[in-house]
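For reference, the structure is listed below as structure tokens.
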Amino acid sequence: MHGNLGQRKIVMALASLLIVLLSNGFVLSAENPLTRNTRRHELRIGWGDQMFEKLIWQNPQTIIDNMPESFSKTYKENYRYSQHWTAEYQWRANSWLGIGAMLDASGCSWNDVTRNGLGHQTDIVRGRHFWNLLIMPVARFTWLNFEYVSLYSSLGAGLGLNGGTETDALGRHTLSSLAVNMEMLGITADWDRWFAYAEFGGTFSMVNKTTIFLAGSRIISVGAGVRF
């Protein structure tokens, strides 16, 4: 959950790699689509945003400071976000269809801060957290194949696990859910067997209409991979 500076450096490195490959794709000695299609296996590692979580759990909260000092309330403060980290394997059935599986991990931590009616802190519990782990098969549809760049869309659905320090109404710390990932637009920039990618879409995870863990999270994803 911590180490935001290190996360930013990784994200900037992946984004820089994508920009370099895109800007030089037409002069680099990259593989052509025929060569790309002979390499059936693909591994990816990527990063995705947590804009959904940041919109839902914002800092700071409105703190009550106009009540008697004996009044007490506990607030969730100082949210820290891990961002989404993904690993994916794909097997290319042909030039336009890939089938594989994806692992997506994300989380959030915060402090429970108790304040009196004047808004002054009286107690704090650190290290409160939740996490999401998604495991799903994914189908990818490549609908435009250039020599150095390809465009695609993908759809995945599978199992979501949510856990943490809090419990539901039945006292459970971990719940399972339906998880869905839709990437409306993806782009890869190739250099021999290596490539960088960027995607625009969304990830969803819910038990029912009142228990929703993710709704449009991981809107933007970037990463790198290798084919073999």
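Here are a few things to note about the model shown:
- Spin-label pair Ser176-Arg80: with each label point 7 Å from Cα along the Cα-Cβ axis, the two points sit 3.2 nm from one another.
- Accessible surface for region 106-228, divided over its residues, is 46 Å² per residue with a 1.4 Å probe.
- Over region 63-112, equivalent-ellipsoid semi-axes from the Cα gyration tensor in Å: 49, 9, 7
- With 0.36 nm allotted per residue and the present C-alpha distance subtracted, the Leu55-Glu69 stretch has 1.9 nm of extension available.
- Scanning residues 5 or more positions from Asp192 or on other chains, those with amide H under 5 Å from its amide H are Ala30, Glu31, with H placed 1.01 Å from N in the peptide plane.
- Heavy-atom accessible surface of region 105-212: percent carbon and sulfur, 1.4 Å: 65 percent
- Kirkwood-based shape ratio for region 117-228, expressed as Rg/Rh from alpha carbons: 1.15
The values are calculated or read from the model by the stated rules, or taken from the named source; none is laboratory data. Model, not experiment: these values are computed from the prediction. Using ideal geometry, Cβ is built from the backbone for each residue, glycine included, and neighbour counts are taken over all protein chains shown. The area values use the complete protein model at the heavy-atom level, side chains included, leaving out ligands, DNA and RNA. Shrake-Rupley method; radii C 1.70, N 1.55, O 1.52, S 1.80 Å.
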